[in-house]
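Written below as structure tokens is the structure these notes are about.
The values are calculated or read from the model by the stated rules, or taken from the named source; none is laboratory data. Keep in mind it's a predicted model, so treat the numbers as computed, not measured. Neighbour counts are summed over all protein chains in view; Cβ atoms, including those assigned to glycine, are modelled from backbone coordinates with ideal geometry. Surface accessibility is based on the protein's heavy atoms, side chains included, excluding ligands, DNA and RNA. Shrake-Rupley method; radii C 1.70, N 1.55, O 1.52, S 1.80 Å.
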Amino acid sequence: MNRVNRIITLLIVFSLVILAAGWISGNQTEQKILNPHPWGQTPITVHIDDKNVPEHYSPSYRKDVERALEYWEMGGNGKLAYQAYFEMVDSDNADIVIMWVDNLERDIGTNEGVAGITQIYERDGRYDRVVIILETSNYRGYSRVQYGNTAMREIAAHEIGHALGLGHSTDKKNIMYPTYERREEINPLLLESTWPLLLVVTIVASIVIIHQGIAWVRYRKRRESLEDEIFKDENKER
């Protein structure tokens, strides 16, 4: 085997080793299971406490939680060993109770950066009661920034996953990965309070644009009419 062939062979082997290492690394994701069958009964009752809420709670957060529950009823991340069904109840004696605080670090004493916690109470190997506490905002710089609806849905879905018996995943695309991606930073309370003003501004801007468009069309027609008259006069003089 000449030198060129040896180099080519080494490059091929090296490439195969890299591809194999990448494949192994990409498939070494793990979904931890805290309890494969945590609930003995079905449906699982859920109470969303939207009455005793903190200052920066947004009414839209309830809908975010409901959508997170629907996510798991539709199969979630595919890691549950059973079908989850939920029943909404207006009682704090529910199987799962979901509530909010403004600041988990201050109000509960969690570590910095934690957006939600799930407190699980077990009896005879089954979940007897689960309390999920979500916070309304995250400290960034010198002020707290309120969570938008997309972020709240992701946080709620992650914590509900714990309430269904799942631990953390090492797959960054999995909802149970111990972090979340803030896809938008729209403050729902600010949006709710300013949407009438935004609507008025949008309407006024639309009227101005339409008016300017009509004026431009009229100006163009008038100019064309004047040009026609001028050219006609010039043609007559000639």
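Condition check ((1) within 22 Å of Asn77 (Cβ to Cβ); (2) of a type outside the set (Val, Ile, Thr); (3) surrounded by 14 or more Cβ atoms within 10 Å (Cβ to Cβ)) across all residues:
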{"position": "Asn103", "(1), (2), (3)": "no, yes, yes"}
{"position": "Tyr121", "(1), (2), (3)": "no, yes, no"}
{"position": "Asp128", "(1), (2), (3)": "no, yes, no"}
{"position": "Ser137", "(1), (2), (3)": "no, yes, yes"}
{"position": "Ser143", "(1), (2), (3)": "no, yes, no"}
{"position": "Thr150", "(1), (2), (3)": "yes, no, yes"}
Exercise. Just need a number here: residues in region 35-61 that are open to solvent by less than 50 Å² (accessible area, probe 1.4 Å), in contact with a Phe, Trp or Tyr (Cβ under 8 Å, 6 or more places away or on another chain) and more than 16 Å from Val97 (Cβ to Cβ).
Key: 1
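Residue check: is Gly148 farther than 21 Å from His162 by Cα and of a type in the set (Gly, Ala, Ser)?
yes
So that you can scan it fast, the table gives a plain yes or no per residue for (1) in contact with a helix residue (DSSP H, G or I) (Cβ under 8 Å, 6 or more places away or on another chain); (2) of a type in the set (A, V, I, L, M, F, W, C); (3) assigned to a loop (DSSP other than H, G, I, E, B); (4) at pLDDT 95 or above:
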residue: Glu112; (1), (2), (3), (4): yes, no, yes, no
residue: Tyr121; (1), (2), (3), (4): no, no, no, yes
residue: Tyr127; (1), (2), (3), (4): yes, no, no, yes
residue: Leu134; (1), (2), (3), (4): yes, yes, no, yes
residue: Asn138; (1), (2), (3), (4): no, no, no, no
residue: Gly167; (1), (2), (3), (4): no, no, no, yes
Practice problem: For Tyr82, state whether it is open to solvent by less than 60 Å² (accessible area, probe 1.4 Å) and either at pLDDT 95 or above or more than 18 Å from Glu154 (Cα to Cα) (or both). | Solution: yes
Self-check item: Inter-residue pairs, beta-carbon under 7 Å, first more than 19 Å from Lys63 (Cα to Cα) and in region 76-90, second open to solvent by less than 80 Å² (accessible area, probe 1.4 Å) and part of a loop (DSSP other than H, G, I, E, B), 6+ apart
Solution: Asn77/Asn174; Asn77/Ile175; Asn77/Met176; Leu80/Leu164; Ala81/Pro36
Self-check item: Arg153, sole failed condition from (1) closer than 23 Å to Asp64 by Cα; (2) at pLDDT below 90; (3) in a helix (DSSP H, G or I)
Solution: (2)
